1. Given a Förster distance of 25 angstrom, what is the FRET efficiency for D4 paired with R87, based on the Cβ-Cβ distance and rounded to 0.05?
2. Please compute, over every Cα-Cα pair in region 29-105, the percentage with a separation greater than 21 angstrom.
3. Given H placed 1.01 Å from N in the peptide plane, which residues other than close sequence neighbours of R125 have an amide H under 5 Å from its amide H?
4. Answer with one residue from P89, T115, P103: the one whose Cα lies farthest towards the positive end of the charge dipole of region 71-124, charges on Cβ with Lys, Arg +1 and Asp, Glu -1.
5. Roughly how large, in nm² to one decimal, is the mean projection of the convex hull of the alpha-carbon atoms in region 73-138?
6. Quick one: work out the % antiparallel among DSSP beta bridges in the chain, nearest 5.
7. Give a quick list of GluC sites (Glu not before Pro) in region 72-138 that DSSP marks as loop, anything other than H, G, I, E or B, with at most 14 other Cβ atoms within 10 Å.
8. Note down the magnitude of the dipole of region 1-108 about its Cα centre, charges +1 on Lys and Arg C-beta and -1 on Asp and Glu C-beta and zero elsewhere, to the nearest 20 debye.
Amino acid sequence: MARDRVVFPKAVRRALLAHARRVRPRECCGLLVGRGTTVQFAVALPNVDTRPARFKIDDRDHLDLRRLLRGFRPPLTIVGVYHSHPRGPARPSPSDVAEAFYPEWLHVIVGLGGTPHEVRAFRIRRARAQVVHLVTRG
Ligand SMILES: [Zn+2]
């Protein structure tokens, strides 16, 4: 039952870093699509939170993606969410922990605050963040 490793393609990692760099100093965000403990794609979405160090994915974008994914065979589902910390580390902030509503999701954070830029992943359950090891591939 321990789900502390997730397969994470290099192309997805590169896409997240590129998205984070493109929109800084704002936070970027998007959803991660895959199957089980494998991430296959990142879907970049607009950050609809206007506050500087926050992000929010529009509920409509989330529902539209869910609806679209229902048509895929073999099935694809939303397996996580990503966002960036333009000036900080790749570690969940108190608001990230407080606002993590999907305990099964992978929470990927791109940290642009240091060198090199980092991409790290967590599961956030019962107000606790646990590191998930990303097994890169591709
Ligand atoms: Zn954050």
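We did not get these values from a lab; they are worked out from the coordinates using the rules stated. In this text the structure is predicted, and so the values were computed from the model without any measurement. Cβ atoms come from the backbone with ideal geometry, glycine included; neighbour counts cover every protein chain shown.
1. 0.35
2. Working: 843 of 2926 pairs.
That tail contains 29 percent of the Cα-Cα pairs.
3. When sequence neighbours closer than 5 places are left aside, the close amide H contacts are Q130.
4. Result: T115, furthest along the dipole toward the positive end.
5. Details: hull surface 22.1 nm².
Dividing the Cα hull surface by four gives the mean projection, 5.5 nm².
6. Details: 24 of 36 bridges.
Antiparallel bridges make up about 65 percent of those DSSP assigns within the chain.
7. Details: sites: E99, E104, E118; in loops: E99, E104.
Here the GluC sites (Glu not before Pro) that fit, given the DSSP loop and packing criteria, are E99, E104.
8. On the way: 20 positive and 10 negative charges, 92 e Å.
My answer is approximately 440 debye.
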